[in-house]
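**Q** Next up is a structure, given as structure tokens.
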Amino acid sequence: MKVLVPVKRVVDFNVKIRVKADGTGVDLSNVKMSMNPFDEIAVEEAIRLKEAGKAEEVVVVSIGPAQAQETLRTALAMGADRAILIKVEDMVEPLAVAKLLKAVADAEGPRLVVLGKQAIDDDANQTGQMLSALLGWSQATFASAVALEGDKARVTREVDGGLQVIEVALPAIVTADLRLNEPRYASLPNIMKAKKKPLEEKTPADYGVNVDARLKVLKTEEPGTRKAGVKVASVAELLDKLKNEAGVLQF
Amino acid sequence: MAILLFAEHDNAALSDQTARTLTAARRIGGEIDILVAGKGAAAVAQAASAFQGVRKILLAEADALEHRLAEPAAALIVSLAGDYDTVIAPATTTGKNVLPRVAALLDVMQVSEIVEVVSADTFKRPIYAGNAIQTVQATDGKKVITVRTSGFEAAQAEGGSAPVETIGATADPRLSGFVENRLSESERPELASARIIVSGGRALGSEERFRQVILPVADKLGAAVGASRAAVDAGYAPNDWQVGQTGKVVAPELYVACGISGAIQHLAGMKDSKVIVAINKDEDAPIFQVADYGLVADIFDALPELERAL
Ligand SMILES: Cc1cc2nc3c(=O)[nH]c(=O)nc-3n(C[C@H](O)[C@H](O)[C@H](O)COP(=O)(O)OP(=O)(O)OC[C@H]3O[C@@H](n4cnc5c(N)ncnc54)[C@H](O)[C@@H]3O)c2cc1C
């Protein structure tokens, strides 16, 4: 069985981003970029399936600028076998990403696609579900446990009220939540080996997919900031403030 | 112009999130129909019919819709979508699961987690864990939208009498099946709509201490209980208590963060709270930068003292 894992290059989760003063977007110059943390979890899950003898090959794919090669090399160093980079200049929306991934899935024939549940830049949480729709496959989103059993997968999902267990027919789409696993760090020898693993470059045109944006971004602005608060010296003072100043506690 | 609102419910009761999403739908404007998809959910449809300004309630009941799994729920919505310009749902785990599937089947780019309606096709939504707010205009013929409900107050379910129309479900694509729910049972208010939330972080150190120290304060205040990712990952609290970029986004009147450092991913879930209290023994903890009232103290002293004083 082949497993496909899409990975996205995003601003590192530790970076506090800055909005450009002219409202045209977020300043990404000289900012540390990394693999989307949820995608790392997805890569880890696929590699574990391979290590458990349940998958033969792990193919990673990224849609992004030339530098997304580094993201793919990271996934290869973790243990993926082969990489595909679909080069684009501008940001591509989830719907177009899903269309490109559908084309890749049609060409590669995976039984399972594991994605991160959301990217921490646009926070859209759409791509996996959209890909599943376009392929006409089953979908198991927000997964915290995945067990393959024959031509089915039993997936535990993190839902608003707790956990939900569902069974999906393969081929399937799984999107990873935070607690699916803890991704490994690539060892130095594996980072060296990853440099020799195959990385193929493509363009959206190779797949005949139009990636024009459907949403027009009119403005990007800073969120409202909170007024600086005060420190209180004791529990008693805190309660007094909450009752008499903020008015959020009665009694 | 008509809007189809995909209701959030548990087959027994209509969720407050539906009422909040209705407020967003009213701001978009046009006739609003509410779709209740479920099984044995007639009471939910009845409850929804009490909203004012709703044209009708569509009730679709089938085994496959009982848990609103993505494939049958999306197929149902797509079969109805021809009559609507906008499909809207709260950004609950169900809404987030189902609506992108609908959007792709309709070849529409979804607008996720709007916090403000600027006009019928233009919306504000947070990106980068809420560190930037984007204003986007949707150019597709139809609009598919999820709503961050903390940004909208709940519409009152009273005074209306929208007719309930029973509709047939579409065939179950049989791609996935429900096995079981392991839901946290709790008498406490729900996080998403609570007036007060008391949250605990990694500092709690164990599940036992989380229960001993956080829960009594929450119960005295009639509050919902939240947690940081670190506390959930360590097993001190269940996953559905997680507040943050990738957990629940809340905006209560009072949020009390106990032993939580204030990472951007946590702030993303609570910084729109009306009043924020932080209790942390590190006076430089970033949480104090968003707190209205900060108490530099050990939570194991301060919280029992607070509980006794309430
Ligand atoms: C992709 C991604 C998504 C994430 N999503 C979320 C999310 O949705 N929600 C979320 O919360 N996090 C999320 N995180 C994690 C986030 O980055 C932080 O790691 C997490 O919020 C830290 O939790 P904490 O504040 O409990 O722990 P810590 O950062 O370890 O802070 C513990 C705090 O407790 C204080 N403390 C310790 N002992 C005491 C004591 N006795 N009395 C008083 N104070 C004490 C310390 O001073 C410290 O400030 C995410 C991270 C990533 C990468």
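**Q** For the range B:155-165, does any single residue satisfy the condition of being under 28 Å from B:Ala70 (Cβ atoms) and within 14 Å of chain A (Cβ to nearest Cβ)?
**A** No, every residue in the range B:155-165 fails to be under 28 Å from B:Ala70 (Cβ atoms) and within 14 Å of chain A (Cβ to nearest Cβ).
**Q** Oh, and also: Name the single residue, out of those in the range A:81-97 being out of contact with any Ser or Thr (no Cβ under 6 Å at 6 or more places or on another chain) and assigned to a helix (DSSP H, G or I), that is surrounded by the most Cβ atoms within 10 Å (Cβ to Cβ).
**A** Among residues in the range A:81-97 that are out of contact with any Ser or Thr (no Cβ under 6 Å at 6 or more places or on another chain) and assigned to a helix (DSSP H, G or I), the one surrounded by the most Cβ atoms within 10 Å (Cβ to Cβ) is A:Leu95.
**Q** Evaluate the following for B:Ser199: is it open to solvent by 30 Å² or more (accessible area, probe 1.4 Å) and more than 9 Å from chain A (Cβ to nearest Cβ)?
**A** In short, no.
A quick yes/no check of all residues on (1) out of contact with any helix residue (DSSP H, G or I) (no Cβ under 7 Å at 6 or more places or on another chain); (2) open to solvent by 20 Å² or more (accessible area, probe 1.4 Å); (3) within 16 Å of the ligand (Cβ to nearest atom):
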residue	(1), (2), (3)
B:Gln137	yes, yes, no
B:Gly141	yes, yes, no
B:Glu158	yes, yes, no
B:Ala162	yes, no, no
B:Leu183	yes, yes, no
B:Gly205	yes, yes, yes
B:Val217	no, no, yes
B:Lys220	no, yes, no
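**Q** Follow-up. Kindly state which strands (runs of 3 or more DSSP E) lie completely within the range A:1-80 and contain at least 2 residues that are surrounded by 24 or more Cβ atoms within 10 Å (Cβ to Cβ).
**A** Passing ranges, in order: A:2-6, A:57-64.
**Q** Output the residue which, of all residues in the range B:269-286 that are buried (at least 18 other Cβ atoms within 10 Å of the Cβ) and within 7 Å of the ligand (Cβ to nearest atom), is nearest to B:Ala227 (Cα to Cα).
**A** Taking the candidates together, the pick is B:Gly269.
Here's the yes/no breakdown for (1) in a strand (DSSP E or B); (2) open to solvent by less than 20 Å² (accessible area, probe 1.4 Å); (3) more than 7 Å from the ligand (Cβ to nearest atom):
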site	(1), (2), (3)
B:Gln265	no, no, no
B:Phe288	no, no, yes
B:Leu295	yes, yes, yes
B:Phe300	no, no, no
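**Q** Sticking with this one: Given the criterion among the charged types (D, E, K, R), within 13 Å of the ligand (Cβ to nearest atom) and touching a strand residue (DSSP E or B) at 6+ places or on another chain (Cβ under 9 Å), identify the matching residue among B:Arg195, B:Arg229.
**A** B:Arg229
**Q** Of everything in the range A:135-153, what is open to solvent by 20 Å² or more (accessible area, probe 1.4 Å) and closer than 14 Å to B:Pro173 by Cβ? Give them in sequence order.
**A** A:Leu135, A:Gly136, A:Trp137
**Q** Given the conditions (1) within 9 Å of the ligand (Cβ to nearest atom); (2) in contact (Cβ under 8 Å) with a residue 40 or more places away in the chain; (3) more than 27 Å from B:Asn181 (Cα to Cα), report the number of the one that B:Lys248 does not fulfil.
**A** That leaves (3) as the condition not met.
**Q** Where in the range A:156-232 are the strands (runs of 3 or more DSSP E), entirely inside, with at least 1 residues that are touching a residue at least 60 places away in the same chain (Cβ under 8 Å) and open to solvent by 40 Å² or more (accessible area, probe 1.4 Å)?
**A** A:199-202, A:215-221
**Q** Select from the range A:100-135 the residues that are over 16 Å from the mean Cα position of the chain (by Cα) and facing chain B (nearest Cβ under 8 Å) and write down the one among them that is farthest from A:Ala176 (Cα to Cα).
**A** Per the criteria, the residue is A:Leu134.
**Q** Out of A:Lys50, A:Lys54, which single residue is touching a Gly at 6+ places or on another chain (Cβ under 9 Å) and modelled with pLDDT of 95 or more?
**A** Checking each option against the conditions leaves just A:Lys50.
**Q** Which residues, taken from the range B:17-43, are assigned to a helix (DSSP H, G or I), β-branched (Val, Ile, Thr) and more than 18 Å from the chain's Cα centre (by Cα)?
**A** Of everything in the range B:17-43, just one residue is assigned to a helix (DSSP H, G or I), β-branched (Val, Ile, Thr) and more than 18 Å from the chain's Cα centre (by Cα), namely B:Ile28.
The values are calculated or read from the model by the stated rules, or taken from the named source; none is laboratory data. Predicted model only: the values in this text are computed from it and were never measured. A quick note on method: Cβ atoms are made from the backbone with ideal geometry, for glycine too, and the neighbour counts reach across all protein chains shown. Remember, those area values only see protein heavy atoms, side chains included, never the ligands or the DNA or RNA. Shrake-Rupley method; radii C 1.70, N 1.55, O 1.52, S 1.80 Å.
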